[in-house]
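Please treat every number below as a calculation from the coordinates, not as lab data. Since the model is a prediction, treat every value here as computed from it, not as a measurement. Using ideal geometry, Cβ is built from the backbone for each residue, glycine included, and neighbour counts are taken over all protein chains shown.
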Amino acid sequence: MGKSTTRLHTAERQEQILDEAIRIIHEQGYSALAIRELARRVGISEPAIYRHFANKEDIIARILDRVLGMSETIKSNLVEVPSAKEKIREFVRYHFDFLERNPEITSVVFSENIFQINSILKEKLRAILSSRHGLLRSFIDEARLEGGVVDADSEDLAVLIVGNIRLIVLEWRLADFSFDLKDRGDRALRTLERLIFT
């Protein structure tokens, strides 16, 4: 294959590098993410990787930026949903649906050793969690105004919902993704509805 057919625009190449980095982490763990192996898989030289990213941590930071962008996607998708209760339901469904279609991303978000060694990455993960919680809290507050949720602190209810999502996804990972995440998520959602909706 000639150069003209493999040359990609900068943004496309960066996305390709990020996708391959996620695959490596998913298959072999964060410690296996080496620039040499990444370059080999993408089919470019090591210096070409460094033209796009400063180092491994920069690659992880960009992956986290991608995850952080999900909050805006969720928000824009749900802005037209009239019922706050339905926004909460769709918030939960979106996470299970997205992760079932992209199981590799769980290897990054759930890899604690990545965040223990780098404070910048730890802050990015905190920003993701804060953004997600803030969005969910706004839906809960809206549902409260509609008289649709129990009389409990919005932050506590958000933690209950997000914690439930994280635990189910962790169980799914530990089971080698062997069960249907969306089905399990739907069951959990029905339980959450009984706990938090009036």
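A few points about this structure:
- Acute angle (nearest 10 degrees) that the helix 181-196 long axis makes with the longest principal axis of the chain, alpha-carbon atoms: 30
- Centroid-to-centroid separation of the stretch 139-198 and the stretch 36-108 [C-alpha atoms, Å]: 21
- For LEU167 and ALA32, a Förster radius of 22 Å and the Cβ-Cβ distance give a FRET efficiency of 0.25, rounded to the nearest 0.05.
- Largest first, the three principal axis extents of the alpha carbons in the stretch 30-176 are 58, 31, 28 Å in whole numbers.
- TYR94, TYR50 arranged by Cβ crowding within 10 Å, fewest neighbours leading: TYR50, TYR94
- The count of lysine pairs in the chain that are at least 8 places apart or cross chains, and whose C-alpha atoms lie under 18 Å apart, stands at 5.
- Projecting the Cα atoms of LEU157, LEU181, GLY69 onto the dipole axis of the chain, where Lys and Arg carry +1 and Asp and Glu carry -1 at the beta carbon, places GLY69 farthest toward the positive end.
- Sorted ascending by nearby beta carbons within 10 Å, beginning with the fewest, SER138, SER154 become SER138, SER154.
- Label point distance in nm, ARG51-ASP180, each placed 7 Å from Cα along Cα→Cβ: 4.7
- The phi torsions of the stretch 124-131, fed into the Karplus equation with coefficients 6.51, -1.76 and 1.60 and a -60° offset, translate into couplings of 5, 5, 4, 5, 4, 4, 5, 4 Hz, rounded to whole numbers, with Gly and Pro shown as x.
- The residues ILE128, ILE88, ILE63, when put in order of fewest to most other Cβ atoms within 10 Å, stand as ILE128, ILE63, ILE88.
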